[in-house]
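This report refers to the structure that appears directly beneath it.
The values are calculated or read from the model by the stated rules, or taken from the named source; none is laboratory data. As the structure is a computational prediction, the values presented were derived from the model and not from experiment. Cβ sites come from the backbone with ideal geometry, for glycine too, and all protein chains shown count toward neighbours.
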Amino acid sequence: MAVAKYVGWALLSLFAAFCLGTVALSRGETISAFWVVAAAVSIFTIGYRFYSKFIAEKALGLDPTRATPAWRRNDGLDYVPTDKRVLYGHHFAAIAGAGPLIGPVLAAQMGYLPGMLWILFGVLLAGAVQDFMVLFLSVRRDGRSLGDMIRSELGNAAGSVAMIGILAIMVILLAVLGLVVVKALAVSPWGTFTVAMTIPIALLMGVYLRWLRPGRIMEVSILGLVLLLASIWVGEWVANSPTWGPAFTFDGKALAWMLIAYGFVAAVLPVWLLLAPRDYLSTFLKIGTVVLLAIAIGVAMPELKMPALTKFVDGTGPVFSGSLFPFLFITIACGAVSGFHALISSGTTPKMLDNERDARMIGYGGMLMEAFVAVMALIAACVLDPGLYFALNSPPALIGTTVESAAQTISGWGFVITPEMLSATAVEIGESTVLSRTGGAPTLAVGMAQILHGMVGGSGMMAFWYHYAILFEALFILTTLDAGTRVARFMIQEVIGTVYAPFRRTESWTANIVCTGLAVAGWGWFLYQGVVDPLGGINTLWPLFGIANQMLASMALIFVCVAMVKMKRTRYLWIPALPTVWLLVCTMTAGWQKLFHPDPKIGFLANAGKFGDALARGEVLAPAKSLKDMERIVFNNQLDAALCVLFMSVVLLMLAFAIRAMLAAHRAQGPTAQENEYVALDAVR
Amino acid sequence: MSRSTPFAERVRALWRFLAQTGRLIVGVPDYDVYLAHMRRVHPDREPLDREAFFADRMQARYGRGASRCC
């Protein structure tokens, strides 16, 4: 029996190697998505079976007899022992966001192979390890948050540094997500109308849940979903109407201001009115869409038209600038490793874990599922004709604003496309243009529309699926803007509260308005800067976001390393140390290049210098229209550079604190980790 | 249902599982579990009713802003 089992695993390993070989070595015109999916599934299965088991049993020593916080502090509310499958759903819904859908789409400019390999092996060795180990450590500490745990294991100073880092990443995250929405909705009346309709729909749901039928989540979600689908259907009519079409057509700047105003209002409203109902909608829609996409890819098994590698691995790509190392590894953050998950793994999940043993399936397994979503996003981007992909994702500064100029430039890069094909695609998806729809969401939407259209076709369905995909991403992001602004607001209140105590009172309206305003101003500034950016914004902001997210992951992993040393499990230190070192190398190199690279497309200071020199000569460089614009570009680049320095310093400071703590723990006789006392599960059950 | 077959039982169990998962996905734990816990551990205290429980959990989940991943 045991022999048969090992033969089975050996066969699966051979199959995985074969799929990977097929994907990596294929030199044909196209390759079926089947090989990518098969490679991912078999590699994840093997990784889960062997590596996560090794971590669970040897490195961490999960103890099934030990009472978890859910049992020790059971209150039926926050701390509730929960069936692991139910909790898996909760955890996955909390970690899955828009990130794994965007990063892989942008990374596809280098071909499908680099992104795929980084997702597959990054998640096994870094992302899932981080989520799993942080979850375990939090379970051993009453389900406390990452910031709290850092404070108690590394000291107060380290805790404060971590908090500033988390606040900064929050600001950049919200700005870049806002930019994705702006880019997707600019001059798209259909998209703008459907997304705008989510606000009254959510308000209606909120009122329904509050007064008409309290607690009926399923009812209200179905009601909301039906209204949403109806608004996509009405959207086509609105877009084609001579009166309503122009009323919902906005440029990027106008949309940015609307988003900023919306973010402020949404974040001060009571949660039951807007945030909660829309979160219900977006969460269920997200799960449903992921399942739908998986089925569609499984049924259609589309061909990947993107080559395995493109010439843009050298860093000259139009989507984001910078060479494969280090920029691929920060472009795909979520999906391979995401620092944000450390906040979720030390949030509500550890308080509901029924048994320590379950941490493996929920922490490690949950992240594998997220990586699978990232793989699907990569597939969706790569089924597009490469010419179309680059038309969607290149800024107008490179490809111009007409289909003729775009087709000519992109064909010159070696990705043949005709102006007619570009115009035809725009008509097919019901938009006025497909040029420079950067930010990943439109690309994903066109790819998803193509795949879903292969499953449920019919005339006009392409346009429906396209706007469905845009709506789904925008809905999700708007919820994040609202919720994230609140998180930032409370952090700012805490920071100001240390200097001026009255600001700590969370029920104070003055503090609420001021701190919400500060939070919105923070991300709004970067959002607006992204909208007016010469290279289209995503080019500048996505790398900054990637650096920030990977920086947070490094902080979480550094903390895990310290905890391992304090637990006297130094033998297994390499498990968290391996991804820590890799992330430090990537973020530091990327940060350094963003600062000092001589190419103005990559280095912030070089770009500031370029515009600064022209300004000194009294010249105006495109896209600036006046000397005032020039001044702003110089200042914004200097600000981005400063932010980059902040991120790098936060990581280096954490590293210094960690080394000090590890040396002290190493010298100590026994374990010094501040875990909860052992309580037998049988004693509290 | 007066007569319950094993199949109907299984369907009901599946439905309950899906409903529980769906609710916890948006941060609302199981009310019956809460009620059972209150009756067992705090028989002296009046438990929240279904509506109040729901409102309480909604505030707990979103009150300070839910930090969700990118």
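Name the residues in region A:315-357 that are away from chain B (no Cβ under 14 Å) and more than 21 Å from A:Ile102 (Cα to Cα), would you?
Taking region A:315-357 and keeping what is away from chain B (no Cβ under 14 Å), we get A:315-329, A:350, A:355-357.
Listed by number, the residues that qualify are A:Pro350, A:Asn355, A:Glu356, A:Arg357.
Just give me the residues in region A:496-541 being among the hydrophobic types (A, V, I, L, M, F, W, C) and without any contact (Cβ under 8 Å) to a residue 24 or more places away in the chain, in sequence order.
Quick first cut of region A:496-541, residues among the hydrophobic types (A, V, I, L, M, F, W, C) only: A:496, A:499, A:501, A:503, A:509, A:511, A:513-515, A:518-521, A:523, A:525-527, A:531-532, A:535, A:538, A:541.
Answer for region A:496-541, where residues must be among the hydrophobic types (A, V, I, L, M, F, W, C) and without any contact (Cβ under 8 Å) to a residue 24 or more places away in the chain: A:Ile496, A:Val499, A:Ala501, A:Phe503, A:Trp509, A:Ala511, A:Val514, A:Ala521.
Determine, yes or no, whether A:Leu557 is under 20 Å from the mean Cα position of the chain (by Cα), within 19 Å of A:Val319 (Cα to Cα) and in a helix (DSSP H, G or I).
Working: under 20 Å from the mean Cα position of the chain (by Cα): yes; within 19 Å of A:Val319 (Cα to Cα): no; in a helix (DSSP H, G or I): yes.
Judged against the criteria, A:Leu557 is not a match.
Contact map, region A:602-619: first residue in contact (Cβ under 8 Å) with a residue 40 or more places away in the chain, second residue buried (at least 18 other Cβ atoms within 10 Å of the Cβ) and assigned to a helix (DSSP H, G or I), Cβ cut-off under 7 Å, separation 6 or more or different chains; pairs are A:Ile602/A:Gln593; A:Ile602/A:Lys594; A:Phe604/A:Lys594; A:Phe604/A:Leu595; A:Phe604/A:Asn637; A:Phe604/A:Asp640; A:Phe604/A:Ala641; A:Phe604/A:Cys644. Screening A:Asn549 on (1) crowded, with 24+ Cβ neighbours inside 10 Å; (2) assigned to a helix (DSSP H, G or I); (3) of a type outside the set (A, V, I, L, M, F, W, C); (4) modelled with pLDDT under 90 shows it passes everything except condition (4). Take the conditions more than 27 Å from A:Val176 (Cα to Cα), surrounded by fewer than 18 Cβ atoms within 10 Å (Cβ to Cβ) and hydrophobic (A, V, I, L, M, F, W, C) and apply them to A:Leu204. Does it pass? Here the answer is yes, as A:Leu204 does meet what is asked. Considering only region B:30-46, state which residues are within 20 Å of B:Arg16 (Cβ to Cβ) and either in contact (Cβ under 8 Å) with a residue 60 or more places away in the chain or part of a loop (DSSP other than H, G, I, E, B) (or both). Selection gives B:Asp30 alone. The set of residues from region A:84-124 being among the aromatic types (Phe, Trp, Tyr) and either more than 14 Å from every other protein chain (Cβ to nearest Cβ) or under 13 Å from A:Val36 (Cβ atoms) (or both) comprises A:Tyr112, A:Trp118, A:Phe121. The set of residues in region B:11-26 that are more than 8 Å from chain A (Cβ to nearest Cβ) and among the small types (Gly, Ala, Ser) contains only B:Ala13.
Which is touching a residue at least 24 places away in the same chain (Cβ under 8 Å), among the hydrophobic types (A, V, I, L, M, F, W, C) and surrounded by fewer than 22 Cβ atoms within 10 Å (Cβ to Cβ), of A:Leu120, A:Leu87, A:Leu60, A:Leu125? None of the other options fit; the residue is A:Leu125.
Yes/no matrix, rows are residues, columns are (1) acidic (Asp, Glu); (2) buried (at least 18 other Cβ atoms within 10 Å of the Cβ):
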{"position": "A:Ile602", "(1), (2)": "no, yes"}
{"position": "A:Leu615", "(1), (2)": "no, yes"}
{"position": "A:Glu619", "(1), (2)": "yes, no"}
{"position": "A:Ile659", "(1), (2)": "no, no"}
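Being among the hydrophobic types (A, V, I, L, M, F, W, C) and at the interface with chain B (Cβ under 7 Å from one of its Cβ atoms) is a property that A:Ala70 lacks. Of the residues making up region A:602-629, just one is part of a loop (DSSP other than H, G, I, E, B) and among the polar types (S, T, N, Q), namely A:Ser626.
Let me confirm something: among A:Ala397, A:Ala381, which residue is outside any loop (DSSP other than H, G, I, E, B) and over 29 Å from A:Leu124 (Cα atoms)? Lay out the reasoning, then the answer.
Numbers: A:Ala381 fails: over 29 Å from A:Leu124 (Cα atoms).
Only one candidate passes the filter, namely A:Ala397.
Go through region A:294-309 and give me each residue that's within 22 Å of A:Pro114 (Cα to Cα), of a type in the set (A, V, I, L, M, F, W, C) and either surrounded by 18 or more Cβ atoms within 10 Å (Cβ to Cβ) or out of contact with any Phe, Trp or Tyr (no Cβ under 7 Å at 6 or more places or on another chain) (or both). Working first, answer last.
Start the filter on region A:294-309 by keeping residues that are within 22 Å of A:Pro114 (Cα to Cα), which leaves A:294, A:297, A:301-309.
From what's left, of a type in the set (A, V, I, L, M, F, W, C): A:294, A:297, A:301, A:304, A:306, A:308-309.
Correct list: A:Ala294, A:Ile297, A:Leu304, A:Met306, A:Ala308, A:Leu309.
Among the residues of region A:1-41, the ones that are charged (D, E, K, R) and in a helix (DSSP H, G or I) come to 1 in all.
Residue count for region A:136-148 under the criterion of being at pLDDT 95 or above and assigned to a helix (DSSP H, G or I): the result is 4. For the condition surrounded by 20 or more Cβ atoms within 10 Å (Cβ to Cβ) and not β-branched (Val, Ile, Thr), A:Trp509 does not qualify.
Among the residues making up region B:27-41, those that are at pLDDT 90 or above and facing chain A (nearest Cβ under 9 Å) are B:Val28, B:Pro29, B:Asp30, B:Tyr31, B:Val33, B:Tyr34, B:Leu35, B:Ala36, B:His37, B:Met38, B:Val41.
From the list A:Val499, A:Val487, which residue is more than 13 Å from every other protein chain (Cβ to nearest Cβ) and aliphatic (A, V, I, L, M)?
On the way: A:Val487 fails: more than 13 Å from every other protein chain (Cβ to nearest Cβ).
Result of the check over A:Val499, A:Val487: A:Val499.
The set of residues from region B:29-45 being hydrophobic (A, V, I, L, M, F, W, C) and over 17 Å from the mean Cα position of the chain (by Cα) comprises just one member, B:Val41.
Of all residues in region A:244-273, which are out of contact with any Ser or Thr (no Cβ under 8 Å at 6 or more places or on another chain) and within 14 Å of chain B (Cβ to nearest Cβ)? Even if it seems obvious, please write down each step before you answer.
Start the filter on region A:244-273 by keeping residues that are out of contact with any Ser or Thr (no Cβ under 8 Å at 6 or more places or on another chain), which leaves A:244-247, A:251-254, A:256-262, A:265, A:269-273.
Selection gives A:Leu269, A:Pro270, A:Val271, A:Trp272, A:Leu273.
Residues of region A:504-552 that are over 23 Å from A:Ala261 (Cα atoms) and among the hydrophobic types (A, V, I, L, M, F, W, C): A:Leu535, A:Leu544, A:Ile547, A:Ala548, A:Met551, A:Leu552.
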